[in-house]
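The values are calculated or read from the model by the stated rules, or taken from the named source; none is laboratory data. Since we're looking at a predicted model, the values are computed, not measured. For neighbour counting, all protein chains shown are included, and Cβ atoms are generated from backbone atoms with ideal geometry for every residue, glycine included.
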Amino acid sequence: MNAVAISPSRPFRAATVADDNQLVFYHGPPFRFNSASRSHSKFVYDVAFSPDGKSLVSVGADAKVFLYDGKSGESKGALSVDGGHKGSIFAVGWDKSSAKLVTASADQTIKLWDVEANKVVQYLSLFPWHCRLISQNVVLWLRLICSSSTSRNSLHHLLRRSNRLVVSIGHTELPRPFVS
């Protein structure tokens with residue numbers, strides 16, 4: 001199992017993803033199997049419910065982003081591949097409005113998606129650091145996209161309103177602006 005997500009509101013639901021290319025959807029509590037989806041063609045790395053609980057998203061090694069209904073688990077299809085990632089997608093996170101999500105990929109980019117418009121609205125290339133992204137986590141807050149990489153023990157902050165990038169290397173260093 002690679003990731004587990006639990007819906008934030010009633011009716012409570014749970015989803016798991018793994019290397020068997022499946023998203024498994026549960027009703028609960030107590031959580032019981034409801035359905036399984038094989039939307040992905042390769043390993044599935046992450047899954048997340050939207051803050052309003054209406055949607056669920058999964059990402060994986062096939063570089064695709066799939067959306068599901070948060071209550072039934074039924075597939076809503078994939079987000080557009082135009083402007084999408086070229087490598088495995090390791091992580092996904094929602095903004096508070098449930099309208100946007102952010103993905104982090106082995107192609108060394110972080111992308112902000114408008115779910116309703118079905119397109120990438122902002123992206124950040126991590127290439128200037130020449131870091132090999134072995135594993136990545138990503139969180140989207142109101143004004144900040146935060147990504148961590150285990151390859152260089154670094155933390156990247158993209159301030160969304162100003163497009164200012166701040167990078168921290170290691171756990172004892174203060175964040176500093178990136179200048180290209």
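General remarks:
- Filter result for Lys119 (within 19 Å of Ile6 (Cα to Cα) and either at pLDDT below 80 or of a type outside the set (S, T, N, Q) (or both)): no
- Answer residue from segment 23-61, given it is closer than 20 Å to Gly84 by Cα, without any contact (Cβ under 8 Å) to a residue 40 or more places away in the chain and among the hydroxyl-bearing types (Ser, Thr, Tyr) and is surrounded by the most Cβ atoms within 10 Å (Cβ to Cβ) among those: Ser39
- Of all residues in segment 15-35, those satisfying the criterion of being part of a strand (DSSP E or B) and within 16 Å of Val92 (Cβ to Cβ) are Ala15, Thr16, Val17, Leu23.
- Residue list for segment 59-89, restricted to those being on the phi < 0 side of the Ramachandran plot, hydrophobic (A, V, I, L, M, F, W, C) and at pLDDT 90 or above: Val59, Ala61, Val65, Phe66, Leu67, Ala78, Leu79, Ile89
- Residue in segment 62-79 that is surrounded by fewer than 14 Cβ atoms within 10 Å (Cβ to Cβ) and over 15 Å from Phe12 (Cα atoms) present: yes
- Scan of segment 80-116 for residues that are under 21 Å from Ala15 (Cβ atoms) and of a type in the set (A, V, I, L, M, F, W, C), ordered by number: Ile89, Phe90, Ala91, Val92, Trp94, Ala99, Leu101, Val102, Ala104, Trp113, Val115
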